[in-house]
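Engineer: Have a look at the structure that comes next, please.
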Amino acid sequence: MKRPPTNDPLDPSVGHNTNSRDSTKWLEHLRPAVASFAWLTLITGCVFPLVLFGLGRLVFPDQAAGSLVMNAQTVVGSRLIGQSFSQPDYFLPRPSAAGAGYDGGSSGGTNLGPSNPKLFQDIRQFAGDYRQANGLAPDASVPIDAVTRSGSGLDPHISPENAALQVPRVARMRGLSEDDVRSLVAEHTQGRQLGFLGQPRVSVLDLNLALDQAAPSHVR
């Protein structure tokens, strides 16, 4: 004869039944949690990045590949990352605090505040070097981007005003007329994004490559 159920806490079968029910409830909560974790990992960690990658390669192939700049079938840089030019027959980029200068592995700024004396010392030094390099008067105005570092240290652009002050030096070193060099600057000057975002800018790498095509460098 089957014994009727009892609620007596001293009955060992009562504790066994309670533990079984608790284990079942615990597993019922665990299964959906594990399944949700697996599905979200698959969707957000695999499917979503692959879809974005595919769309990027399809819709924006150049940008998705790194906006690489080619010269004679050779990758010479990226339109998104500046490079250091020091020869006088090239347009010079703005100063950089990324490593030894335009180091892609050490991107960053100086983090010098406006009250830091070193910031003023650096600006005076950059301004003096810029005036000397471009044959300007000691009190000549200098574009702000010629004496300050960008936040990333990898800015690939300079302002049109900065490029204009470098035209006479570059034209003289290349044996070109200033009008020809100004035309090259104008061709490689980009306007505001969407007509109102940002400021006009000149891609230093693209401009210097155009210079090499117009009049190869003879400076070593």
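Engineer: If I filter region 201-208 for residues that are more than 20 Å from SER67 (Cβ to Cβ) and out of contact with any His (no Cβ under 8 Å at 6 or more places or on another chain), do I get at least one hit?
Structural biologist: No; the residues of region 201-208 include none that is more than 20 Å from SER67 (Cβ to Cβ) and out of contact with any His (no Cβ under 8 Å at 6 or more places or on another chain).
Engineer: With respect to VAL185, determine if the residue is under 25 Å from the mean Cα position of the chain (by Cα), buried (at least 18 other Cβ atoms within 10 Å of the Cβ), over 30 Å from ASN111 (Cβ atoms) and aliphatic (A, V, I, L, M). Quick ask: steps written out before the conclusion?
Structural biologist: On the way: under 25 Å from the mean Cα position of the chain (by Cα): yes; buried (at least 18 other Cβ atoms within 10 Å of the Cβ): yes; over 30 Å from ASN111 (Cβ atoms): yes; aliphatic (A, V, I, L, M): yes.
The answer is yes for VAL185.
Engineer: Select from region 138-148 the residues that are among the hydrophobic types (A, V, I, L, M, F, W, C) and part of a loop (DSSP other than H, G, I, E, B) and write down the one among them that is surrounded by the fewest Cβ atoms within 10 Å (Cβ to Cβ). Let's see the steps before the verdict.
Structural biologist: Step one: of region 138-148, the residues among the hydrophobic types (A, V, I, L, M, F, W, C) are 140, 142, 144, 146-147.
Filter again for part of a loop (DSSP other than H, G, I, E, B), leaving 140, 142, 147.
Details: ALA140: 12, VAL142: 19, VAL147: 19.
Result: ALA140.
Engineer: Follow-up. Only one residue in GLY135, GLY108, GLY77 is part of a loop (DSSP other than H, G, I, E, B), surrounded by 12 or more Cβ atoms within 10 Å (Cβ to Cβ) and touching a residue at least 12 places away in the same chain (Cβ under 8 Å). Which one?
Structural biologist: GLY108
Engineer: For residues that are part of a helix (DSSP H, G or I) and out of contact with any helix residue (DSSP H, G or I) (no Cβ under 8 Å at 6 or more places or on another chain), scanning just region 195-215, find the one that is surrounded by the fewest Cβ atoms within 10 Å (Cβ to Cβ).
Structural biologist: The residue in question is GLN213.
Engineer: Let me ask something else. Taking interchain pairs and intrachain pairs at least six residues apart, which have beta carbon atoms under 6 angstrom, with the first residue in region 204-219 and in the same structural domain as LEU165 (by TED's automatic domain parsing) and the second of a type in the set (Val, Ile, Thr) and at pLDDT 90 or above?
Structural biologist: Between residues of region 204-219 that are in the same structural domain as LEU165 (by TED's automatic domain parsing) and residues that are of a type in the set (Val, Ile, Thr) and at pLDDT 90 or above, the close pairs are VAL204/ILE158.
The values are calculated or read from the model by the stated rules, or taken from the named source; none is laboratory data. What you are looking at is a predicted structure, and each value in this text was computed from that prediction instead of being measured. Every residue, glycine among them, receives a Cβ derived from its backbone with ideal geometry; neighbour counts consider all protein chains shown.
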